[in-house]
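These notes concern the structure reproduced below.
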Amino acid sequence: MQKISSFFYKLWLKIKFGRSLYLAPNVVILKDTLFIIDKDSKIEINSGCIIRSGTEFRATKNSKLIVERNVKVDKLVRIIATNDTTVNIGQGCKIGIGTVFNGGGNIDIGDKTLISGYVYIQTSMHNHNTTENKDIIDNGYTYADIKIGRGSWLGVHSVIFPGVTLGDRAIIGSNAVVNKSFEKNSIIGGIPAKRLK
């Protein structure tokens with residue numbers, strides 16, 4: 001029954017979004033998955049992907065959101081691409097429950113990366129570096145790209161700040177706040193995160 005429901009939901013999505021949404025024929029997607037796509041943006045979900053319930057995919061302001069082959073996306077994940085950016089999730093990645101990709105800058109996740117539950121990947125930050133006497137909420141945002149190398153593991157509740165690059169096979173400990181870049185094979189933990197090994 002779920003496969004039939006998924007088939008008709010994908011058909012409805014293709015009619016609604018036309019060329020702005022590509023869903024490979026064998027993508028499994030539940031009907032409570034939310035898509036928000038404006039006319040100048042595109043979302044592409046490739047073959048073998050499984051999208052669980054309550055997930056949100058959003059591409060606005062001339063952006064692209066690409067989910068490569070064989071990606072598993074758990075419940076309640078939110079992936080946003082906006083401001084003329086690209087969010088690319090590599091082949092064979094697994095994304096845990098409640099994770100958020102906030103793509104006001106580019107996000108590139110390497111193949112076979114494991115992203116645990118409730119991870120926050122944040123490319124924007126409230127602009128607080130101002131000499132003007134303004135409230136933070138009125139100062140706008142700054143943006144910087146994030147790149148996660150292939151085969152990495154982001155532990156539960158970890159946070160990745162704007163401008164961070166993690167080399168291949170990096171391991172980020174649970175609850176770590178990563179505000180700087182680390183090379184491949186690093187084991188990272190703490191607040192702020194530092195290299196443990």
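Read the figures in this text as sums done on the coordinates, not as results from a lab. As the structure is a prediction and not an experimental result, all values here were calculated from the model. Neighbour counts run over all protein chains shown; Cβ positions are idealised from the backbone, glycine included.
For labels at Ser47 and Val28 in the simple 7 Å Cα→Cβ model, what's the distance in nm?
Rounded to a tenth, the inter-label distance reads 1.7 nm.
As I understand it, the value is the acute angle between the Cα axis of helix 2-17 and the longest principal axis of the Cα atoms of the chain; what does it come to in degrees, rounded to 10?
Tilt relative to the chain: about 80 degrees.
Give me the extension gain from Ile187 to Glu132: residue separation times 0.36 nm, minus the current Cα-Cα distance, reported in nm with one decimal.
15.8 nm
For the stretch 111-197, what D do you get in µm² per second when you plug the Kirkwood radius from alpha-carbon pairs into Stokes-Einstein at 37 °C and 0.692 mPa s?
Diffusion coefficient, whole number: 244 µm²/s.
For a test of the definition: using alpha carbon positions, the gyration tensor, and the 1.5 limit on a/c, classify the stretch 146-197 as rounded, prolate or oblate.
It is rounded, given that a/c, with a ≥ b ≥ c, falls under 1.5.
How large is the helix-only mean residue ellipticity at 222 nm for the chain, computed as the sum of -39500 (n - 2.57) over DSSP H runs with n ≥ 4, divided by its residue count, in deg cm²/dmol to the nearest 500?
One gets -2500 deg cm²/dmol as the mean residue ellipticity at 222 nm.
Take the chain, connect every pair of alpha-carbon atoms lying under 10 Å apart with a spring to form a Gaussian network, then pick out the residue of Leu23, Leu11, Leu154 with the largest mean-square fluctuation.
Highest fluctuation among the options: Leu11.
Could you give the length gained by full extension between Arg19 and Ile36, i.e. 0.36 nm per residue of separation minus their alpha carbon distance, to one decimal place?
4.8 nm
Greater than 21 Å separation of Cα atoms is the criterion. Which listed pairs, Lys61/Lys184; Lys75/Lys180; Lys16/Lys94; Lys64/Lys147, meet it?
Lys61/Lys184; Lys75/Lys180; Lys16/Lys94
When only DSSP loop residues count, what GluC sites (Glu not before Pro) in the stretch 28-129 have their Cβ near at most 13 other Cβ atoms within 10 Å?
Of the GluC sites (Glu not before Pro), not one in the loops of the stretch 28-129 has a Cβ with at most 13 other Cβ atoms within 10 Å.
If the only charges are +1 at each Lys and Arg Cβ and -1 at each Asp and Glu Cβ, what is the size of the charge dipole of the stretch 2-195 around the Cα centre, to the nearest 20 debye?
740
In what order do Ile36, Ile95 fall by count of nearby beta-carbon atoms within 10 Å, going from fewest to most?
Placing the least packed residue first, the sequence is Ile36, Ile95.
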